[in-house]
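So the structure is just underneath, and the comments pick up after that.
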Amino acid sequence: MPESLLFGFALAAFSPLIHRFARGATGWVMGALVAGLTVRFALYVPAITAGNPVRTCWAWVPPLGVNVSFYLDGLSLLFALLICGIGSLVAIYAGGSLRGHPQLGRFYLYLLAFMTSMLGVVLADNLLTLYVFWELTSLTSYLLIGFNHEDSRARQAALQALLVTVAGGLAMLAGFVLLGLAGGSFEISVLSGRGPALREHATYLPLLALILAGAFTKSAQFPFHFWLPNAMVAPTPVSAYLHSSTMVKAGVYLLARLSPVLADTAAWTAALSTVGAVTMVIGATLALLHTDLKRILAYTTISVLGGLTLLLGLGTSSAVVAAMALLVAHALYKAALFLVAGNVDHATGIRDVRQASGLARVMPITAAAAVLAAMSNAGVPASFGFISKELIYEAIWGLSARGLPLLAATFLANALLVTTAILVGVRPFFGRRTAMPHMPHETPIALWLGPLVLALGGLVLGLVPARTEPMLAAAATAVEGQPAHPHLALWPGFNVVLALSAVTVLGGIGLYLAWERVRRVVPLATITRFGADRGYDLTLEAMLRFGTLQTRVLQSGYLRFYLIIIILTVVSLAGWALLKGEGVVKLLAGRWPSIYEWIIAGLVPLAALLAILSQSRLTAVIALGTVGYGLALLYLLYGAPDLAMTQFAIETLTVVLFVLVVYRLPPLVRFANWPSRVRDAMVALAGGALMTGLLLAATARPGASSLSPFYAEHSLSDAYGRNVVNVILVDFRALDTLGEITVLTVAAIGVHALLRLLPGRKGPRL
Amino acid sequence: MQTVLAFVVGGLYAASLYMMLRRSITKLIIGLALLGHAANLLILTAGRLVPGQPPLIPSTSEATRLEPPYADPLPQALILTAIVIGFGVQAFALVLIRRTYETVGTDDLDEMRSTDRA
């Protein structure tokens, strides 16, 4: 199974090359290769349905428990089959719909990289492996939405989708880390067994909230739904693949995957069923107010994603089975409808549902696919959509009284979905033909094959639902953590649920007849103005404003303001830690210093003060030298003769150097007025006080160097030197000294160059 | 004595920071020099003061190792490196500001906010 990921990424990497040779046939080549991958996964079906999951694991960062590990069970396999199966049809479709596009090779690179990342998401067992693939899908989605990058709307939509999903992804990463810490493992298969303890854990609520943020942004749940309709600027294959059947389901997948770990608490049920129900109704309602084919489909996708979240939130056995069935049904009919919409656009240049009509006569195959898919969407008997809807109603009906609001929401959303199914799948193909931008024609086989196969798939599964039982059972078992035994029937017999289904369809048809009137009454513009999309714009704008403000405040261009900010930040942070850790630092009693110690210790600060106050360059240099000599004396006193000698030598050199250039230096001028001098003095004193405090705190601790005894022990025996400081420099830390010599050499070259380099002088420049 | 030196270190830091906050480029150099001194004394003091016991193994004795008490050799090695590096930096900075003064024609840091030629 990991080899299929390698295969996918390799295929993606080579796809521009393959395109160079295959030319017009690239779509078919890619489609065939991906279909091969589908078969590879299909071969796992017997083992998985028999209840034998497959796990592979390599250590990645063993001390942190981070592995690259993969796990194939019913849920993963169901997703993998959908990803590869639809992927191969979309690859074929893209070859037709983007025929002749100059960047088709690049498109396949993105598309296949996405497909493989998505496979990675559903196969990953380690949470951090999952996160890496998760973000890869966000990234490839960004590239695919922005594929027509000359279009500024495409760029904006791509960025919006990226920002929303990646922000959620980051929250999710934090949640994963918390989950890993709380559960003691990053492997989902391990965590699944620790569900009860985790649900009692103190960090359960924060980690749940963070993980839900990731799932909800990815699966376009309210109020993060807005990026999905905007993403419809992407080429149709992308919309059909990423933004209806696969990537947007990653959030749902995550919820399902983590159900055994996190589900069945009040918080889980409340969050998922509320957000899911609201998303479901809002998505379906907004779908009705739009006229662009792809936007309608995008909003209905949001609605279905809400429904899936709701079902997983309920978490009952029948709800989970219904969710799995809805997942399959939706992937089939929605991808088909998107591709149909793309065909209508391709053949007629129309994307507005009000303008297309009567296309069935010129595009019979597309029309057949559309009607079949719409039947499944609407939940008409003999389609898999019908069966999934039965299961949903059954699951919610089973909740008794507390499920009534959910039942109402589900009913409303489903009725609205029936309406949109008619709008998208039926309306454009019947009725009188109108004038169109292009002369309509049936599309080539590459374009109708995908939708037809998908729509027929929905029909076939609907006719023999029992054949899907083992796979759905395996998936539901993985979600529930205990064996599930779904029962799917083509005809459930007359009961309440069937009556509900019938009323739903009738209601949807009724709404369709009143569609024009509804649209006229509801002001879409007002909704857009106050919608979540606007909130996103405002947030982004506020962030940019804040960034501008912050830059203006912090990046003044004046050296001293940078220094002041640095000093004050260090003083406040380190000072806070110091006060918190040490309290008011105790003054050490210690030994009373002798008189010469006092003299030297007093001399140094006084000389420093003179260096500050002096207006004469020479005096300042002499005062600086005095500080240096004072330090040398201190070194001598405290057992560091080497330091003293070096300091004397260097200080003498420094003074000589200063004196040599001192009259070529600018004179010491007071530029600043006295208020700023006072301000600087305060800042400087604060910095000095902090250093005093830190030093007092450091020396107050009983600290013996653990390294020094080593040098004391080995200096003579190993390095044959009696001066331990010298031995450290030239032997134990010889490489440091080599580095130091290099720095000095570089400085010397720099000094030489600066002295030789004269501006405006002709000749070779250094 | 550590306490006294802690205040000396603080004083040196304050003096150097004050000089680095000046607009005159010459004062900036003096501030840098003082900062080096302050840091060296900080390291020495933080490594504990042991008066009059340099980390030398007497050559007359039969000792094969340095017997305590001794001044910690490790901070000394660090400071020795720092003194030399500090000198290199200072020399470079000194020549650099001289050159800057000649080229730009000002010693006011506030007038050197842009990398563009005037």
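The values are calculated or read from the model by the stated rules, or taken from the named source; none is laboratory data. Keep in mind that this is a model prediction, so the values were computed, not measured. A quick note on method: Cβ atoms are made from the backbone with ideal geometry, for glycine too, and the neighbour counts reach across all protein chains shown. The protein model used for the area step is the full one, side chains on, heavy atoms only, and it has no ligands, DNA or RNA in it. Shrake-Rupley method; radii C 1.70, N 1.55, O 1.52, S 1.80 Å.
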* Asked: Roughly how many Å² is the accessible area per residue of the stretch A:707-766, as a whole number, for a 1.4 Å probe?
  -> 65 Å²
* Give the accessible area for A:Met324 in Å² (nearest 10); use a 1.4 Å probe, count only protein heavy atoms, and leave out ligands, DNA and RNA. => 10 Å²
* **A:His438, A:His243, A:His487, ranked by accessible area, largest first (probe 1.4 Å)** => A:His487, A:His438, A:His243
* Taking a spot 7 Å from the Cα of A:Ala574 along the direction of its beta carbon, which residues of the stretch B:15-37 have an amide N less than 14 Å from it? -> B:15-17, B:35-36
* Asked: Using a basic spin-label model with each label point 7 Å from the Cα along Cα→Cβ, how many nm lie between A:Val518 and B:Glu67?
  -> 10.0 nm
* Quote the accessible area belonging to A:Asp718 in square angstrom, nearest 10, computed with a 1.4 Å probe and with ligands, DNA and RNA left uncounted. => 90 Å²
* With heavy atoms of protein chains only and a 1.4 Å probe, what residues of the stretch A:643-666 have at least 20 Å² less accessible area in the full set of chains than alone? -> A:Leu643, A:Thr646, A:Gln647, A:Ile650, A:Leu653, A:Thr654, A:Leu657, A:Phe658, A:Val661, A:Arg664, A:Leu665, A:Pro666
* When the accessible area of chain A is computed with all protein chains present and a 1.4 Å probe, what percentage of it is carbon and sulfur? -> 70 percent
* To do: Rounded, prolate or oblate: pick one for the stretch A:627-766, where a ≥ b ≥ c are the square roots of the eigenvalues of its C-alpha gyration tensor, a/c under 1.5 means rounded, and failing that, prolate if a/b is larger than b/c, else oblate.
  => oblate
* **Exposure ranking of A:His714, A:His330 by accessible area [1.4 Å probe, largest first]** => A:His714, A:His330
* Structure fact -> Checked the protein assembly as shown against the a/c 1.5 cut and the a/b vs b/c comparison, axes a ≥ b ≥ c from its Cα gyration tensor; verdict prolate
* **Efficiency of FRET between A:Ala267 and A:Val45 - r from beta-carbon atoms, R0 35 angstrom, step 0.05** => 0.45
* To do: Divide by every residue of chain A the summed helix terms, -39500 (n - 2.57) for each DSSP H run of at least 4, and state the resulting mean residue ellipticity at 222 nm, rounded to the nearest 500 deg cm²/dmol.
  => -24000 deg cm²/dmol
* **Chains B and A, summed buried accessible surface - 1.4 Å probe, Å², nearest 100** => 8400 Å²
* **Rounded accessible area of A:Lys389 (nearest 10 Å², 1.4 Å probe)** => 10 Å²
* To do: Taking all protein chains together and a probe of 1.4 Å, list A:Val743, A:Val320 from the most accessible to the least accessible.
  => A:Val743, A:Val320
* Asked: Which whole-number percentage describes the relative contact order of chain A, with Cα contacts under 8 Å and a sequence gap of 6 or more?
  -> 10 percent
* **Using a Förster distance of 25 Å, the FRET efficiency for A:Trp674-A:Leu549 (Cβ separation, nearest 0.05)** => 0.25
* Proximal charge balance of A:Pro666 [Cβ under 15 Å; K/R count +1, D/E count -1] -> +3
* B:Thr60 to A:Val743: FRET efficiency via 1/(1 + (r/R0)^6), r the Cβ-Cβ distance, R0 51 Å, to the nearest 0.05? -> 0.85
* Asked: Shape call for the stretch A:1-109 from the C-alpha gyration tensor, a ≥ b ≥ c root eigenvalues: rounded (a/c under 1.5), prolate (a/b greater than b/c) or oblate?
  -> oblate
